[in-house]
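What follows is one structure encoded as structure tokens, with my remarks underneath.
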Amino acid sequence: MDFLANIVQQVLTVLYNFTESVGIPNLGLAIVLMTIIIKLIMYPLTQKQIQSTKAMMEIQPKMKALQEKYKDDKQRLNMELANLYKSEGVNPLAGCLPLLIQMPIMIGIFYGIRDYNYAAHPEIVTSFLWLADISQKDPTKVLPVLSALTTFIQTKQTMPAAGGAQNKMMMYFMPLFIGYISFDFPAGLVLYWVVMNIMQIAQQSIMNRAAAK
């Protein structure tokens, strides 16, 4: 992942130089700009993944009913599940490919921001809003709380109203887990996660309105 991390760091440097050229040099702003650009580029993949995941969640009650009905006949179960996917217009693998494509990019961003050599560039402005240094943990704990809150909102958006108990448990567990680990991450990395979630929430809202029409 060093290759991807290096690319992320180079992009951050370019975007920082851009902020400097417009008179507001700031690495935090560069991270925000990079996150927005990445989310816009990956929007088609994100859209496909969300639609597939939501469709799979919505047919879970029917899947469970089939699994219970044909629990002693695996061959018939597989056939009935295939028929269900076909009748509902759902491809169970459609959500996997976008995720597989996105994962290396996300991991590269994670290491790129986390391991950015701030010390080698003492001239870079690393303060951002209330943060004195985004290479350090957020002493106010605001960003970790925002990371948990935005993760919860983003997760709830994709959760069907009839989601099972397991889905509802994940809706609360994941935000708490993300918030917990964010306490030990550099503020710049948590800033990326919060902005990414906000972009995701906005994109999901647009997709929901489009689907409603």
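The values are calculated or read from the model by the stated rules, or taken from the named source; none is laboratory data. Predicted, not measured: the structure shown is a model, and the values here were computed from it. So basically every Cβ, Gly included, is an ideal-geometry build from the backbone, and we count neighbours across all protein chains shown. These area figures cover heavy atoms from the full protein model, side chains too; ligands, DNA and RNA do not enter into them. Shrake-Rupley method; radii C 1.70, N 1.55, O 1.52, S 1.80 Å.
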Quiz item: In this structure, is E58 modelled with pLDDT under 80 and among the acidic types (D, E)?
Solution: yes
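Here's the yes/no breakdown for (1) under 23 Å from M171 (Cβ atoms); (2) out of contact with any Leu (no Cβ under 9 Å at 6 or more places or on another chain); (3) among the small types (G, A, S):
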position	(1), (2), (3)
S21	no, yes, yes
I24	no, yes, no
I59	yes, no, no
K64	yes, yes, no
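One line per residue, one yes/no per condition, for (1) within 30 Å of M56 (Cα to Cα); (2) of a type outside the set (S, T, Y); (3) modelled with pLDDT under 80; (4) not in a loop (DSSP other than H, G, I, E, B):
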{"position": "I124", "(1), (2), (3), (4)": "no, yes, yes, no"}
{"position": "T140", "(1), (2), (3), (4)": "no, no, no, no"}
{"position": "L146", "(1), (2), (3), (4)": "yes, yes, no, yes"}
{"position": "K156", "(1), (2), (3), (4)": "yes, yes, no, yes"}
{"position": "N167", "(1), (2), (3), (4)": "yes, yes, yes, yes"}
{"position": "M170", "(1), (2), (3), (4)": "yes, yes, yes, yes"}
{"position": "Y180", "(1), (2), (3), (4)": "yes, no, no, yes"}
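How many residues are surrounded by 14 or more Cβ atoms within 10 Å (Cβ to Cβ) and closer than 13 Å to L33 by Cβ when one looks only at region 9-21? It would help to see each step written out before you state the result.
Step one: of region 9-21, the residues surrounded by 14 or more Cβ atoms within 10 Å (Cβ to Cβ) are 9, 11-13, 15-16, 18-20.
This time we only want the ones that are closer than 13 Å to L33 by Cβ, so: 11-13, 15-16, 18-20.
Qualifying residue count for the region: 8.
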Quiz item: Among the residues of region 167-213, which ones are open to solvent by less than 60 Å² (accessible area, probe 1.4 Å) and among the small types (G, A, S)?
Solution: G179, S182, A187, G188, A202, S205
Quiz item: Quick check: anything in region 1-9 closer than 23 Å to F110 by Cβ and acidic (D, E)?
Solution: yes
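Considering only region 61-73, I want to know if a residue exists there that is among the acidic types (D, E) and under 30 Å from K137 (Cα atoms). Show your work before the answer.
The initial filter retains those residues of region 61-73 that are among the acidic types (D, E), namely 68, 72-73.
Of the ones still in play, those that are also under 30 Å from K137 (Cα atoms) are none.
No, region 61-73 has no match at all.
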